[in-house]
Amino acid sequence: MKPLHLSEAQTGDDRQREIWAIGSGKGGTGKSFVTTSVALSLVKLGKKVILVDADLGCANLHTCLGMHPVSQSLSDFMSGRVASLADVLVPTPYPGLKLISGAHDMLDIANPTHSRKSALMKALDELEFDYLLLDLGAGTAFNTLDFFLAAHKAILVVVPEPTAIENAYRFIKSVYFRYMRAVSKELKLRQLVEEAMDPKNQRGVHSVHDLIEVLAAADPAVGRRLREDINAMRVRLVVNQVRTVDDLTLGFAMRSSVEKYFGIRMDYSGYVEYDDVVWKAARAHQTVMHEYPYSSPARCVDRLTRNLMTNQQIELESVVTNR
Amino acid sequence: MSYYTSVNFYDLLEVDPRAGQADVHAAYLRQLDLVSGNSLATYGLFVGEDVISIRQRLEEALHVLSDPERRRAYDLRMFNHSFVSPDARADTHAARPAAPAAHADGREARAGAVTEVPAPEPAEADAAPKAPAQHPPHAPHVDLHHIDGPSLRAVRERRGLTLEAISARTKIAQYYLQYIEEERFARLPPVLYLRAYLKQYAQALGIDPERTVNEYLKRREAAQSHQV
Ligand SMILES: Nc1ncnc2c1ncn2[C@@H]1O[C@H](COP(=O)(O)OP(=O)(O)OP(=O)(O)O)[C@@H](O)[C@H]1O
Ligand SMILES: [Mg+2]
């Protein structure tokens, strides 16, 4: 796991090339819709954007763009059929936006080896873009976690439902524990991490904060590094399918609790309202951002995109006064 | 254990170090609500017994911050500086410092990640007129043989006061006042906080706060031991 720069550069300079990964613990939260819409919003701002369908098991990003299935895909690169990732980069109906379609024919590559994965990250990094967006598969498969950790910005999509929230927390915990495992090179430390992954572990390690304490006790230098790294990392939260004010304020409460319990940092970057235009557009093979640019989801996405670019968050005050 | 047990009380409750009593109470309730088990925001977050120690810690924070003397001592120990203004030591929200100023620099004095939690509770409606908390001058005299939920309600109605009015005056959420009157004990906050509520409610009604607290809590205890 090489790049590991979940912690982005501290500035909000929007000229820098950034890889954003979008994940969620649970499927069907609207990851693909949000990813596609954010990409279109960036394009509208004149950015060069590449969308990558990294849901290696179940790819469908082309559908969200109203496109037909694409013949070239990530699997051609992963299997070595094409030499360069640029060969599977296809244009979309939207100038400025290119797509790398997901692997839909080879189930075996849903779990690529470590070296394939780092080759892929490197190849992605060499493409030409301002923003590269990775739509990750649902769940906590290792490759999903690794993509999430390797991105500059890690974006987590939830919907206001118990299972989605629960899985989001499981996802966050898995991501950070995986990171700590990668940093813990020594066998002794690695065993501590693995032990801690069991929720019923004897040491009572339940959160990121707990595990850092345990590791720091075993190896102060590793503890120091982890504290610094994890303090610099952050997860960006998006609440999708918002129907009520309570749904919307959920993001503030999640941030508050997760920061104090896990001891990690979370930004509440934005929310997207629920609206029938989303399925209307999907059924007509259109995009909300183009067909319904003044709808509430489209405006929410524009705001979310701005916040993500500039490292800003939803402000409680603006939420209250805008309504 | 978790970060909950190591942050200072202000960061724990997410209040400004200069926040008045009403804000502290409201913040405590918000945080308590998040660990109550009914909160969507923390669904599946806490593992095992952690919730119990988090609740204890929240109670501890309220215990210290809701008492001017204890709070002062805590501030001095933690920050070498007391944030409680001399006036605020008297009691309750009457002497709350102007909110914006307190917000601006208090925030910097705080350690670690600072976040804002939605505050739909009455604490935000701070512009509401502040009636004196003491005995209303023209209140008709009421003889109380015993004090319980229904009798509190009877007093309130005899005084011509609505729950809304009491809520505006005391900054206690209206539904809590209603639960007090209806004796829905399970829905009421923990004793420490309930005590403060009852005291304020009694003052707003112009009846003896000590007696109200004692008698009401006895009723609550009796009802709970019945349940088991
Ligand atoms: N804000 C919204 N308002 C209305 N419907 C929405 C919204 N967001 C997503 N949907 C609908 O929810 C469904 C799931 O969305 P989407 O496919 O984007 O989720 P996903 O997280 O990518 O799912 P998967 O895990 O299967 O990849 C779709 O039918 C989509 O139209
Ligand atoms: Mg999807």
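The values are calculated or read from the model by the stated rules, or taken from the named source; none is laboratory data. All values reported here derive from a predicted model rather than from experimental measurement. Cβ placement follows ideal geometry from the backbone for every residue including glycine, while neighbour counts extend to all protein chains displayed.
Out of the stretch A:29-46, which residues are within 16 Å of ligand 2 (Cβ to nearest atom) and among the β-branched types (V, I, T)? Within the stretch A:29-46, A:T29, A:V34, A:T35, A:T36, A:V38 qualify. For beta carbons closer than 7 Å, sequence separation of 6+ or different chains, a first residue in the stretch A:148-166 that is of a type in the set (S, T, N, Q) and a second that is modelled with pLDDT under 95 and surrounded by fewer than 24 Cβ atoms within 10 Å (Cβ to Cβ), the qualifying pairs are A:T163/A:K26.
In the stretch A:61-81 there is at least one residue matching the filter, namely being touching a strand residue (DSSP E or B) at 6+ places or on another chain (Cβ under 6 Å) and within 12 Å of ligand 1 (Cβ to nearest atom).
Among the criteria (1) assigned to a loop (DSSP other than H, G, I, E, B); (2) at negative phi, the one A:G204 does not fulfil is (2).
Quick check: anything in the stretch B:58-75 in contact (Cβ under 8 Å) with a residue 12 or more places away in the chain and within 14 Å of chain A (Cβ to nearest Cβ)? Taking every residue of the stretch B:58-75 in turn, at least one turns out to be in contact (Cβ under 8 Å) with a residue 12 or more places away in the chain and within 14 Å of chain A (Cβ to nearest Cβ). Scanning the stretch A:137-170 for residues that are touching an Asp or Glu at 6+ places or on another chain (Cβ under 6 Å) and closer than 16 Å to A:T29 by Cα, we see that the one that is farthest from ligand 1 (Cβ to nearest atom) is A:P160. Tell me, yes or no, whether the stretch A:9-27 has at least one residue that is of a type outside the set (V, I, T), modelled with pLDDT under 90 and either outside any loop (DSSP other than H, G, I, E, B) or within 13 Å of ligand 2 (Cβ to nearest atom) (or both). Yes; the residues of the stretch A:9-27 include at least one that is of a type outside the set (V, I, T), modelled with pLDDT under 90 and either outside any loop (DSSP other than H, G, I, E, B) or within 13 Å of ligand 2 (Cβ to nearest atom) (or both).
Determine if the stretch A:176-195 includes at least one residue that is under 15 Å from A:R225 (Cα atoms), within 14 Å of chain B (Cβ to nearest Cβ), in a helix (DSSP H, G or I) and in contact (Cβ under 8 Å) with a residue 24 or more places away in the chain. Checked the stretch A:176-195: at least one residue is under 15 Å from A:R225 (Cα atoms), within 14 Å of chain B (Cβ to nearest Cβ), in a helix (DSSP H, G or I) and in contact (Cβ under 8 Å) with a residue 24 or more places away in the chain.
Taking each residue of the stretch A:293-309 that is without any contact (Cβ under 8 Å) to a residue 24 or more places away in the chain and more than 18 Å from A:T244 (Cα to Cα) and looking for partners that are surrounded by 20 or more Cβ atoms within 10 Å (Cβ to Cβ) and of a type in the set (S, T, N, Q) with beta-carbon atoms closer than 9 Å, six or more apart or interchain, yields A:R306/A:S41. Yes or no: A:A196 more than 29 Å from B:I52 (Cα to Cα) and among the small types (G, A, S)? Against the criterion (more than 29 Å from B:I52 (Cα to Cα) and among the small types (G, A, S)), A:A196 does not qualify.
In the stretch A:29-43, the residues that are on the phi < 0 side of the Ramachandran plot form Cβ pairs under 7 Å with partners that are part of a helix (DSSP H, G or I) and within 8 Å of ligand 2 (Cβ to nearest atom), at six or more places apart or across chains, as follows: A:S32/A:L61; A:S32/A:C64; A:F33/A:C64; A:T36/A:L61; A:T36/A:C64.
Residue-level check: of (1) more than 29 Å from A:P162 (Cα to Cα); (2) within 11 Å of chain A (Cβ to nearest Cβ), B:S82 misses just (2). Tell me which residues, restricted to the stretch B:5-15, are surrounded by 24 or more Cβ atoms within 10 Å (Cβ to Cβ) and either of a type outside the set (S, T, Y) or within 12 Å of chain A (Cβ to nearest Cβ) (or both). Passing the criteria: B:L13, B:V15. Restricting the stretch A:250-283 to residues that are without any contact (Cβ under 8 Å) to a residue 12 or more places away in the chain and facing chain B (nearest Cβ under 9 Å), the residue that is farthest from B:I54 (Cα to Cα) is A:A253. Across the stretch A:48-73, what is the number of residues that are within 14 Å of ligand 2 (Cβ to nearest atom) and in contact with a Gly (Cβ under 9 Å, 6 or more places away or on another chain)? Summing the residues that are within 14 Å of ligand 2 (Cβ to nearest atom) and in contact with a Gly (Cβ under 9 Å, 6 or more places away or on another chain) in the stretch A:48-73 gives 11.
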